[in-house]
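Working notes, beginning with the structure itself.
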Amino acid sequence: MPDGGAPIGDLLVRGKGLSVRHGRRTVLEDVDIQVSRGEIVTLIGPNGSGKTTLVRALLELEKPESGQVDRAAGITVGYTPQQLIVDRTLPLDVRRFLEMSGETDPEILADILSDVGARDVLRQEIRMLSGGEMKRVLLARALLREPDLLVLDEPTANVDIHGQVEFYNLIRRIRDDRQCGILLVSHDLHLVMSATDRVVCLNGHVCCSGLPGDVSTDPAYLELFGDAASAVAVYAHDHDHHHA
Amino acid sequence: MTTITIMPDFVLYALVSGIGVAIVMGATGVFVVWRRMAYFGDTLAHSALLGVAIGFLAGVNVNIGIVGVCLTIAIGMVFLRSQRHLAEDTLLGILAHSSLALGLVSISFVSALRIDLMTYLFGDILSVTPTDIGWVYGGGTIALGMLAWLWKDLIAITVHEDLARTEGVNVLRTQIAFMTLFALVIAMAMKIVGILLVTALLIIPAATARRFSRTPEQMAVFAAIAGSLSVALGLQGSLLWDLPSGPAIVVASALIYVVSIALPIRRAA
């Protein structure tokens with residue numbers, strides 16, 4: 001199956017035939033991926049499958065050995081890295097961190113924080129935030145740029161299960177409100193299946209991709225994720241049913 | 001060496017140039033602390049001796065030799081670091097010690113020119129001339145101007161390089177500009193505290209400032225103040241008890257740091 005769900009709206013970014021090598025190790029081999037306006041594309045795959053590398057290549061932070069990245073002209077990209085560790089010697093509160101996006105109006109900053117569910121952290125030192133608060137603040141900074149394309153690298157790592165559900169709802173709401181395209185890297189199989197338009201399953205190459213329901217029954221996917229996947233497929237199906 | 005009884009001029013020169021250097025070093029030093037570049041600073045400082053030798057051998061101004069060599073090493077590091085063949089501290093160790101040794105060897109070739117090695121190794125603020133003050137304030141103005149220009153981008157890449165890059169910061173340009181600034185500051189500071197103690201005046205005042213600061217800018221200003229205070233106190237000690245001036249300034253800044261951590265002030269956040 002080539003590219004399951006048909007792209008909705010305009011194409012924002014497209015990687016074609018991307019191969020990336022780190023030293024002698026081939027991290028990505030001939031990967032195709034694209035994200036269009038208004039859709040949530042989730043990248044799943046085991047550790048070391050090249051998810052972050054693919055994101056970095058699409059953001060043009062890393063040069064692929066071959067292949068090509070095309071970005072729609074004039075679009076703004078918001079990015080939340082997997083983690084952000086501020087050295088303890090650097091005094092930096094959340095407000096100042098958000099201002100680095102270029103937006104300094106305190107009301108807008110407070111609004112965006114309450115939007116992402118991190119209401120009372122504006123005056124807090126950034127390195128004192130909990131894992132979940134940090135993820136929300138990173139998202140807030142990305143949103144302040146009013147991105148056309150939002151790239152989130154493991155936005156729910158270190159977030160508890162309740163927080164994860166909430167986070168995926170938030171991401172969906174952002175997509176609905178802002179009509180941006182969202183590229184998500186994730187480990188949370190069951191949530192991915194319920195909160196995504198398109199799933200790309202990566203293991204150095206694209207194992208399978210398409211609608212969550214199709215991917216979750218794809219043999220390549222089941223082989224890659226084994227028991228975890230079969231447990232999740234039921235859950236995902238259940239959720240789809242409620243939606244329909 | 002000297003006493004304070006007469007010659008208010010040389011005391012004034014020392015104080016004025018020392019404070020000028022301390023302000024620039026305080027403001028630059030915060031980045032050395034935030035970006036964990038202490039060892040890198042040492043490496044640049046050590047390579048400065050090679051710059052002195054080259055300056056003498058080539059018959060150009062010593063300051064130009066220093067800036068040239070520091071800049072070469074600094075920019076070389078930016079590229080070597082991206083190769084990742086060796087751990088960074090190993091790479092710095094190789095550069096720091098081989099350039100210091102090369103500097104010492106080269107200086108021995110030109111010993112006929114009566115280079116006073118101790119002056120370069122430990123500084124001699126009491127022999128500062130009005131011309132030196134010109135260098136300090138000219139170079140210092142350029143350095144502070146560069147720092148102001150780079151400030152926003154430097155903070156951005158200090159917090160997260162990839163995030164800064166996706167938000168449009170030209171990381172390589174900013175790094176190279178900061179290295180240039182760094183080389184300039186080292187050249188300026190050598191005369192005051194000497195090659196072996198330059199890094200101290202970058203780091204200790206910044207460390208002192210940390211506890212009292214809530215923003216990056218505050219920390220830079222407090223570091224500049226702590227550095228200036230160190231110069232004033234160190235100079236005083238040097239004049240009163242005939243201490244070597246460079247080491248006295250560093251001891252003063254260390255004392256200020258110790259006193260500051262003993263102060264009962266709530267740690268920021």
For chain A, what is the mean residue ellipticity at 222 nm derived from helices alone (per DSSP H run of n ≥ 4: -39500 (n - 2.57); sum divided by total residues; nearest 500 deg cm²/dmol)? -11500 deg cm²/dmol
Candidates A:ASP197, A:ASP93, A:ASP177; GNM for chain A (alpha-carbon contacts under 10 Å) flags as most fluctuating A:ASP177
For the pairing of chain A with chain B, what total accessible surface becomes buried, with a 1.4 angstrom probe, in square angstrom to the nearest 100? 2200 Å²
Computed FRET efficiency, Cβ-Cβ of A:ILE108 and A:GLN68, R0 41 Å: what is it to the nearest 0.05? 0.65
How high is the relative contact order of chain A, in percent, with contacts defined as C-alpha pairs under 8 Å that are six or more residues apart? 26 percent
Using a probe radius of 1.4 Å on heavy atoms only, what accessible surface per residue do you get for the protein assembly as shown? Whole Å² is fine. 44 Å²
Around A:VAL20 (Cβ within 14 Å, Cβ-to-Cβ, excluding A:VAL20; K/R +1, D/E -1) the net charge comes to +1
Specify whether the C-alpha gyration tensor of the range B:47-148 places it in the rounded, prolate or oblate class, a ≥ b ≥ c being the square roots of the eigenvalues: rounded for a/c under 1.5, otherwise prolate if a/b is larger than b/c and oblate if not. oblate
Give the cross-link partners of A:LYS51 among the lysines, using a straight C-alpha distance below 17 Å as the criterion and excluding same-chain residues fewer than 8 apart. A:LYS16, A:LYS63
Quick check on chain B: helices-only [θ] at 222 nm, where DSSP H runs of length 4 and up contribute -39,500 (n - 2.57) each and the sum goes over total residues. Nearest 500, please. -27500 deg cm²/dmol
Below 8 Å, C-alpha to C-alpha, sequence gap of six or more: please give me the relative contact order for the range A:83-146 in percent. 45 percent
From the Cα gyration tensor of the range B:8-262, with a ≥ b ≥ c the square roots of its eigenvalues, which class applies: rounded if a/c is under 1.5, or else prolate if a/b is larger than b/c, or else oblate? oblate
Apply 1/(1 + (r/R0)^6) to the Cβ-Cβ distance of B:LEU172 and B:GLU88, taking R0 = 25 Å, and write down the FRET efficiency to the nearest 0.05. 0.90
In Å³ and rounded to a whole number, note down the convex hull volume per residue for the Cα atoms of the range A:83-146. 74 Å³
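The values are calculated or read from the model by the stated rules, or taken from the named source; none is laboratory data. Treat the numbers as computed from the prediction; the structure is a model and nothing was measured. Every residue, glycine as well, gets a Cβ built from its backbone with ideal geometry; the counts of neighbours run over all protein chains shown. Ligands, DNA and RNA are excluded from the accessible area calculation, which covers all protein heavy atoms including side chains. Shrake-Rupley method; radii C 1.70, N 1.55, O 1.52, S 1.80 Å.
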